[in-house]
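> First the structure, which I've put down as structure tokens, then a few questions once you've had a look.
The values are calculated or read from the model by the stated rules, or taken from the named source; none is laboratory data. Here the structure is a predicted model, which means the values were calculated and not measured. As a convention, Cβ positions derive from the backbone with ideal geometry for all residues, glycine included, and neighbour counts pool all protein chains shown. The area values use the complete protein model at the heavy-atom level, side chains included, leaving out ligands, DNA and RNA. Shrake-Rupley method; radii C 1.70, N 1.55, O 1.52, S 1.80 Å.
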Amino acid sequence: MEKSTMTLTRKIQLLIDLPAAERNAMWEKLYRYQNRCFRAANFIVSHLYVQEMIKDFFYFTEEIQYKLADVKKDEMGLFNRSKTNTTARMVFDRFRGEIPTDILGSLNNTIQSNFSKDRADYWQGSKSLRNFKKDLPIPLPVKCVTKMRYDPEKKAFCFNMFAIPVKTYLGKDFSDKRLIMERLLRKEIKLCTSQVQLKAGKIYWLAVFEFEKEKHLLKPEIIAEASLSLEHPIVAKANNVRINIGSKEEFLYRRLAIQAGQKRIQAGIAFARSGHGAKRKQKALYKTENLESRYVSHRLHLYSRKLIDFCIQQQAGTLILKNQEDKIGIAKEQEFVLRNWSYYDLQTKIKYKAEKAGIELIIG
């Protein structure tokens, strides 16, 4: 049976809501948590790999048991506890008192789940073992988020995270983050285990929300067909109605203009006055940082939203993306198209918006 709910992730910047004198201690606490998570993640995945590949250790004696199970439940078992609890207990004992066990437990469950999905590839040698880096996000279990509220004086949503008072910074929010937070306070949606990312001296909350899918008067027998092309990002048809969403001039040419502008800035850096070294010379380049990716992300969100709105308007319960494999293959052969046309990103955004609206997506 199809689930009536789905999850959605939003990236929200957080500020430590304490006087300046106390912030450094909180930053040290978060960086310590991040370091312990990074080390624990690599310990866990290494132990899981050894456990899974232990049958290949042909040089063990015959008395060694190979079954990855609790010896209390299976006499052939290798462990003195459950398989999930082996890695959990290992990191609990190693980092006791340095990081809350709720964080380590959540991290262990996530890595165990991901390892199970990749187990077959590891066994065949078609994928290398995951290596976690020092900027690994910190898991944020729901029980570690307390005192969620909106503070009208600070004009921000405030809560405690790992007993650290924080507040949201939404800035010029043109998305739905504020609406989602308001719905969370009204308990219309549910907060799930999230993550905290420390990046470039800032704190980002990768919040995961669970909510009911939108309910529209859709008819499964009405089928909408859409194709992604170079001339128009999306061409859609349903009920003998055809629309073109976006255009080559609007998307591709603007993207090329941004690329050309960045090349001109890079060429002119050599002639810029230094003053304070590289930072002063590259000041103009910093202003255009991620400009292209932000533009592309915004346009693809807009195009995918228009496609789903068209399907809802036509009451189409099924959406078919035609000939996608062929077009992705052509794009890979042509370097210009692959570099400047985001087929896969657009397809991903269409998929999640279709699921949210209750539309069945078929990729042909």
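> Specify the residue that is nearest to residue 23 (Cα to Cα); the eligible residues are those in the stretch 190-205 that are in contact (Cβ under 8 Å) with a residue 60 or more places away in the chain and assigned to a loop (DSSP other than H, G, I, E, B).
193
> While we're on this one: Within the stretch 185-198, can you find the residues that are polar (S, T, N, Q), in contact with a strand residue (DSSP E or B) (Cβ under 6 Å, 6 or more places away or on another chain) and open to solvent by 50 Å² or more (accessible area, probe 1.4 Å)?
195
> Can you name every residue in the stretch 134-163 that is over 18 Å from residue 29 (Cα atoms) and under 20 Å from the mean Cα position of the chain (by Cα)?
142
> On to the next question. Given the residues 225, 214, 210, which is the only one that is within 26 Å of the chain's Cα centre (by Cα) and either closer than 26 Å to residue 322 by Cβ or at pLDDT below 85 (or both)?
One residue alone meets the criteria, 214.
This table checks each residue for (1) of a type in the set (S, T, N, Q); (2) open to solvent by 40 Å² or more (accessible area, probe 1.4 Å); (3) closer than 14 Å to residue 236 by Cα; (4) at pLDDT below 65.
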residue: 301; (1), (2), (3), (4): no, yes, no, no
residue: 308; (1), (2), (3), (4): no, no, yes, no
residue: 319; (1), (2), (3), (4): no, no, yes, no
residue: 329; (1), (2), (3), (4): no, no, no, yes
residue: 345; (1), (2), (3), (4): no, yes, no, no
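> Next up: Within the stretch 213-271, track down each residue that is open to solvent by less than 60 Å² (accessible area, probe 1.4 Å), without any contact (Cβ under 8 Å) to a residue 40 or more places away in the chain and more than 30 Å from residue 282 (Cα to Cα).
Answer for the stretch 213-271, where residues must be open to solvent by less than 60 Å² (accessible area, probe 1.4 Å), without any contact (Cβ under 8 Å) to a residue 40 or more places away in the chain and more than 30 Å from residue 282 (Cα to Cα): 232, 235, 247, 248.
> Which is open to solvent by 20 Å² or more (accessible area, probe 1.4 Å), more than 17 Å from the chain's Cα centre (by Cα) and farther than 30 Å from residue 253 by Cβ, of 171, 201?
201
> Being surrounded by 16 or more Cβ atoms within 10 Å (Cβ to Cβ) and of a type in the set (Ser, Thr, Tyr) is the filter here; which residues of the stretch 81-94 pass it?
Selection gives 86, 87.
> Within the stretch 263-272, is there a residue that is closer than 30 Å to residue 218 by Cβ and at pLDDT below 85?
Here is the first cut: in the stretch 263-272, the ones closer than 30 Å to residue 218 by Cβ are none.
Scanning the stretch 263-272, I find no residue that is closer than 30 Å to residue 218 by Cβ and at pLDDT below 85, so the answer is no.
Quick grid of which residues meet (1) β-branched (Val, Ile, Thr); (2) within 30 Å of residue 26 (Cα to Cα); (3) at pLDDT 85 or above; (4) loosely packed, with under 15 Cβ neighbours inside 10 Å:
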| residue | (1), (2), (3), (4) |
| --- | --- |
| 55 | no, no, no, yes |
| 63 | no, no, no, yes |
| 74 | no, no, no, yes |
| 96 | no, yes, yes, yes |
| 111 | yes, yes, yes, no |
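> Can I ask one more? Going through 59, 122 one at a time, which residue ends up being of a type in the set (Phe, Trp, Tyr), open to solvent by less than 40 Å² (accessible area, probe 1.4 Å) and at pLDDT below 90? Give the derivation first.
Values: 59 fails: open to solvent by less than 40 Å² (accessible area, probe 1.4 Å).
Just one listed residue meets the conditions, 122.
> Do you know which residues across the stretch 272-299 are over 22 Å from residue 255 (Cβ atoms) and open to solvent by 70 Å² or more (accessible area, probe 1.4 Å)?
Of everything in the stretch 272-299, those that are over 22 Å from residue 255 (Cβ atoms) and open to solvent by 70 Å² or more (accessible area, probe 1.4 Å) turn out to be 273, 276, 279, 280, 283.
> Please count how many residues of the stretch 122-165 are closer than 29 Å to residue 46 by Cβ and free of Cβ contacts under 8 Å to residues at least 40 places away in the same chain.
The number of residues fulfilling the criteria is 5.
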